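Input: a single structure, listed below in structure tokens.
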Amino acid sequence: MNVEIKFFTSLREITGRKVDILQLKTIISVEELFSMLFKKYGEEFGEYVYNKECKVQDFLSILVNGKNINTLQGLGTELKEGDTVAILPPVGGG
């Protein structure tokens, strides 16, 4: 099963990629996906996405197929074949 991950701004610099495609053997949650990405991309990735309590930073917007996970099952949202996950940094403006 393939899942596409889209990285933006700082995460694009950290990973060196705009997009990554992960091949998964089983259905996983968004939280498990972040753990896999941390193992793949290392400490700098972890420092950016996790807070001191080892929880995914609240400032990140995480979309699965264009829908914010907060309107789904949060970090427990399960990923299926062909899903696209976008990890967006905070948006500033003024």
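Things worth noting here:
- Exactly one residue out of 84, 77, 26 is touching a Ser or Thr at 6+ places or on another chain (Cβ under 7 Å) and of a type outside the set (Phe, Trp, Tyr): that is 77.
- Filter result (free of Cβ contacts under 8 Å to residues at least 60 places away in the same chain and either part of a loop (DSSP other than H, G, I, E, B) or crowded, with 16+ Cβ neighbours inside 10 Å (or both)) within the range 66-94: 66, 69, 72, 73, 75, 77, 90, 91, 92, 93, 94
- Check on residue 63, in a helix (DSSP H, G or I) and surrounded by 16 or more Cβ atoms within 10 Å (Cβ to Cβ): no
- Residue ID - surrounded by the most Cβ atoms within 10 Å (Cβ to Cβ), chosen from residues in the range 1-30 that are free of Cβ contacts under 8 Å to residues at least 40 places away in the same chain and in contact with a strand residue (DSSP E or B) (Cβ under 7 Å, 6 or more places away or on another chain): 15
- Set 33, 37: member being modelled with pLDDT of 95 or more, in contact with a helix residue (DSSP H, G or I) (Cβ under 7 Å, 6 or more places away or on another chain), outside any strand (DSSP E or B) and surrounded by 14 or more Cβ atoms within 10 Å (Cβ to Cβ): 37
The values are calculated or read from the model by the stated rules, or taken from the named source; none is laboratory data. None of the values given here were measured: they were computed from a predicted structure. Glycine gets a Cβ as well: all are built from the backbone with ideal geometry, and neighbour counts include every protein chain shown.
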